[in-house]
Structure formats: C-alpha cells, structure tokens
Amino acid sequence: MLSRCRNLKIEPPGRTERIVRGCRARFERTFCERMTGCLSADSTAALLELATGADGSLAELKADPGRLGLETLLEEIVKLRRSKALGLPADLFGEFSDKLVASWRARAMASHPSDFAANPEPVRLTLLAALAWCRTAEITDLVQSLLNDPAWAERLTDADRRALSPLFWSHANLYGTFHIDMDTHLDLGLAA
C-alpha cells in the first residue's frame with residue numbers, strides 16, 4: 001500500500017496498519033464464509049468431529065509419513081481413505097492461489113484441537129478443509145510416486161496388485177460423468 005501511494009505520489013493515510021488489518025480481516029471473513037458455503041452438511045459434521053482430535057485422526061492426518069516402505073504405504077492409504085471420507089469437493093480451493101491455500105494448511109498444521117476450538121466455526125472449518133484437501137493431494141502424489149518407482153514395481157506381487165486395484169479404480173474418473181436419459185430413444189429409421 002505504501003509503495004502504491006509513493007507511485008501515485010500521494011500522502012499515505014496515517015492509519016495504514018489499521019486499514020491493512022481491517023482489509024485482511026474482511027478478506028478472511030469472506031473467504032471462510034465462501035468455503036463453508038461449499039461444504040455439505042455431512043462434510044461440515046465430519047470436519048467438526050475431526051477438529052476435536054478425540055479419535056486421533058487429526059494427529060494422524062498431520063503426521064509426516066516418515067521413511068518410505070510397505071508399512072508407510074499402507075498407513076498413507078488409510079489416511080487417504082479417511083480424508084476422502086470427509087467428502088470435500090475436489091475443486092474446493094481450485095480458484096484460489098496455491099500460496100493462499102498453503103498458508104491456511106500451515107496454520108492448521110501448527111494448530112492443536114484447543115486452537116481450533118478457539119476459532120469461530122467458519123475459520124475452524126476452513127482451516128480443517130485446507131489441511132484435509134492439501135493432505136489428500138500430497139498423499140495421492142506420494143502413493144503414486146511410490147508405485148511408479150521401478151523398485152516397487154518389482155516388489156509388488158500379483159496379490160498386491162489385486163489388493164491395490166480397488167484403491168486405484170475408486171479414485172479414477174476417466175471419462176467424466178454421463179447422464180443418460182432413459183425416457184427418450186434414438187430414431188434409427190428402422191422400419192418394421
């Protein structure tokens with residue numbers, strides 16, 4: 001703001017910091033209301049339950065995968081399933097910058113359940129949604145990179161591939177969604 005005032009050759013207002021704080025607060029309020037408006041009732045309930053940290057799933061979601069191995073892969077798949085079960089829209093943060101989403105994710109990673117409880121509900125939901133949304137993408141990328149590694153390809157048996165197959169196909173949407181109208185039929189011009 002100060003550089004903008006210098007470029008325009010105008011005197012900056014005396015309450016610059018207060019104005020910037022007010023703008024940030026307004027943006028945060030608008031951003032959080034927009035995010036919570038995109039969440040279904042089931043997603044909201046699941047996120048609020050996650051915020052309590054009672055069942056340990058919040059700490060588990062925040063946990064670093066550690067050294068890569070088969071156990072890590074299986075644990076990450078469990079995390080992926082739990083984060084997908086929250087029912088967050090795939091494009092929830094799609095129109096916002098990666099930097100903004102990363103800052104909310106970092107803020108959520110540094111928060112404890114008591115910190116989440118201290119925030120208003122829209123802020124709490126946005127923090128948790130950013131954390132879960134980012135972790136889903138990170139875990140998906142980790143699992144994909146592990147399974148693309150030639151060393152892993154050699155280690156997986158046919159039984160392992162069969163076990164992992166439902167995981168792959170449950171997240172694949174190769175052709176988009178088709179809506180079939182069963183009430184109309186094609187006129188193929190066939191005479192009886």
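Dipole check for the chain: with +1 at the C-beta of Lys and Arg, -1 at the C-beta of Asp and Glu, and the Cα centre as origin, the magnitude is about 1320 Debye. Accessible area ranking (1.4 Å probe, heavy atoms, ligands and nucleic acids excluded), largest first, for K84, K62: K84, K62.
Evaluating 6.51 cos²θ - 1.76 cosθ + 1.60 at θ = phi - 60° for every residue in region 84-93, the Karplus couplings come out as 5, 5, 5, x, 6, x, 5, 9, 4, 10 Hz, glycine and proline recorded as x. In a fully extended conformation the segment linking R67 and R18 would gain 13.0 nm over its present Cα-Cα distance, using 0.36 nm per residue.
Rounded to the nearest 10 degrees, the angle from helix 41-52 to the longest Cα principal axis of the chain is 70 degrees. Note that region 127-134 has calculated 3J(HN,Hα) couplings of 4, 5, 5, 5, 4, 5, 5, 5 Hz, one per residue in order, obtained from phi through the Karplus relation 6.51 cos²θ - 1.76 cosθ + 1.60 (θ = phi - 60°); glycine and proline are x. Have a look at P122, I10, L50 and report the one farthest towards the positive end of the charge dipole of the chain, computed about the Cα centre with Cβ charges (Lys/Arg +1, Asp/Glu -1). My answer, from the dipole projection, is I10.
Accessible surface computed residue by residue for the chain, with neighbouring protein chains in place and a 1.4 Å probe, gives 69 Å² per residue. Each label point was placed 7 Å from the Cα along the Cα-to-Cβ direction; for A102 and D183 their separation is 5.0 nm.
Output the relative contact order of the chain, whole-number percent, from Cα pairs under 8 angstrom with separation of 6+ residues. So the answer I get is 24 percent.
Lysine pairs in the chain whose alpha-carbon atoms fall under 26 angstrom of each other, counting only those eight or more residues apart or on distinct chains, come to 5.
Across the accessible surface of region 9-104, with the other protein chains kept in place and a 1.4 Å probe, carbon and sulfur atoms take up 53 percent. Divide the volume of the convex hull around the Cα atoms of the chain by the residue count and you get 268 Å³ per residue.
The values are calculated or read from the model by the stated rules, or taken from the named source; none is laboratory data. Bear in mind the structure is a predicted one, so any value in this text is a computation, not a measurement. Here Cβ is always computed from backbone atoms with ideal geometry, including for glycine, and neighbour counts include all displayed protein chains. Protein only, heavy atoms only, side chains kept; ligands, DNA and RNA dropped before computing areas. Shrake-Rupley method; radii C 1.70, N 1.55, O 1.52, S 1.80 Å.
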